[in-house]
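Down below is the structure, laid out as structure tokens.
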Amino acid sequence: MEAALEARVEALAAQETPAVARFDRDEALQGRWAVLPSAFNPPTRAHLRLLDLALGVEGVQGGAALLTTRNVAKGIEGAALADRIGMLLAAGASRPGLAVLAANQARIADQAAALRATWRSATFDFVLGYDTLVRLFDDQYYDGPMESVLDPFFEHHRVIATNRGEVTVADMEAWVAERASRYAARIITVGLDEEHGRMASSEARARIGAGAGSDDIPAEVAAYIREHGLYAGG
């Protein structure tokens with residue numbers, strides 16, 4: 001099972017053409033899904049809370065964790081990609097409705113295109129923390145005019161944006177009004193509580209590597225990490 005999972009994830013990551021795959025089951029996605037793209041290194045309770053909040057948005061019927069095998073801002077370090085899928089599957093054991101996906105594209109607009117091409121009977125909203133929302137509107141990640149990519153993206157998708165850290169919902173709404181007013185009608189802001197808003201995978205990795213453990217990760221994920229010896233000494 002683990003060898004087959006590793007081979008499948010590696011094949012997806014190595015594929016040159018845009019692609020996305022589902023790992024929790026072999027059923028096609030249908031209906032409206034809230035998709036949280038992240039590195040999940042490791043998955044935290046904040047990730048799951050974000051999806052819970054997204055499920056409360058009008059029209060959303062299911063939640064999906066989307067592992068991004070490439071990242072516009074950083075490389076691959078920490079847990080192997082297959083282990084990140086394994087951790088998400090472990091987290092999903094107590095959340096049977098959670099879809100576990102992976103995409104081989106770094107940019108959200110390209111992930112979105114791959115999702116649309118793969119599951120034509122489904123609609124996808126993207127759940128983005130504030131820092132990821134800012135990157136979505138950063139010119140450096142686009143070869144030409146940003147609008148040429150974002151116009152078709154927002155035609156098909158909504159963004160469910162959440163605050164993080166010291167950033168409040170009011171701060172985020174002000175940022176959208178100033179920097180993304182063209183798409184404001186397609187950006188839904190939701191509030192993340194202070195406890196979950198402070199959680200970060202990097203801090204969880206550091207604590208686990210130091211042998212301290214972390215209360216910020218789900219119990220099933222912590223068990224997977226112990227079983228596979230992830231982040232030891234890191």
Go through region 126-140 residue by residue and tally those that are outside any helix (DSSP H, G or I) and surrounded by fewer than 19 Cβ atoms within 10 Å (Cβ to Cβ). 2
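Residue by residue, here is whether (1) farther than 25 Å from Leu89 by Cα; (2) in contact with a strand residue (DSSP E or B) (Cβ under 6 Å, 6 or more places away or on another chain); (3) surrounded by fewer than 18 Cβ atoms within 10 Å (Cβ to Cβ); (4) among the hydrophobic types (A, V, I, L, M, F, W, C) holds:
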| position | (1), (2), (3), (4) |
| --- | --- |
| Asp151 | yes, no, yes, no |
| Ile160 | no, yes, no, yes |
| Ala170 | yes, no, yes, yes |
| Ala174 | yes, no, yes, yes |
| Glu178 | yes, no, yes, no |
| Glu195 | no, no, yes, no |
| Ala204 | no, no, no, yes |
Scan region 216-231 for residues that are loosely packed, with under 14 Cβ neighbours inside 10 Å and not hydrophobic (A, V, I, L, M, F, W, C) and jot them down. Arg226, Glu227, Gly229
Reported set for region 1-51 where residues are within 18 Å of Asp125 (Cβ to Cβ), among the aliphatic types (A, V, I, L, M) and touching a strand residue (DSSP E or B) at 6+ places or on another chain (Cβ under 7 Å) is Val20, Leu29, Ala34, Val35, Leu36, Leu50, Leu51
In contact with a Leu (Cβ under 7 Å, 6 or more places away or on another chain) and under 22 Å from Ala219 (Cα atoms): does that describe Leu101? yes
Output for Cβ contacts, cut-off 6 Å, separation at least six or different chains, first residue over 16 Å from Arg135 (Cα atoms) in region 172-187, second part of a loop (DSSP other than H, G, I, E, B) and at pLDDT 95 or above, reads Arg186/Arg158
If we keep only residues of region 187-234 that are assigned to a loop (DSSP other than H, G, I, E, B) and within 18 Å of the chain's Cα centre (by Cα), then the residue nearest to Ala177 (Cα to Cα) is Gly191
Out of all the residues in region 1-17, which are open to solvent by 70 Å² or more (accessible area, probe 1.4 Å) and either free of Cβ contacts under 8 Å to residues at least 40 places away in the same chain or assigned to a helix (DSSP H, G or I) (or both)? Met1, Glu2, Ala3, Glu6, Arg8, Glu10, Ala14, Glu16, Thr17
Note on Val190: of the conditions (1) open to solvent by 20 Å² or more (accessible area, probe 1.4 Å); (2) modelled with pLDDT under 95, unmet is (2)
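The values are calculated or read from the model by the stated rules, or taken from the named source; none is laboratory data. Just so you know, these numbers come straight off a predicted model, no measurement behind them. Here the Cβ is made from the backbone with ideal geometry for all residues, glycine too, and neighbour counts use every protein chain on show. Protein only, heavy atoms only, side chains kept; ligands, DNA and RNA dropped before computing areas. Shrake-Rupley method; radii C 1.70, N 1.55, O 1.52, S 1.80 Å.
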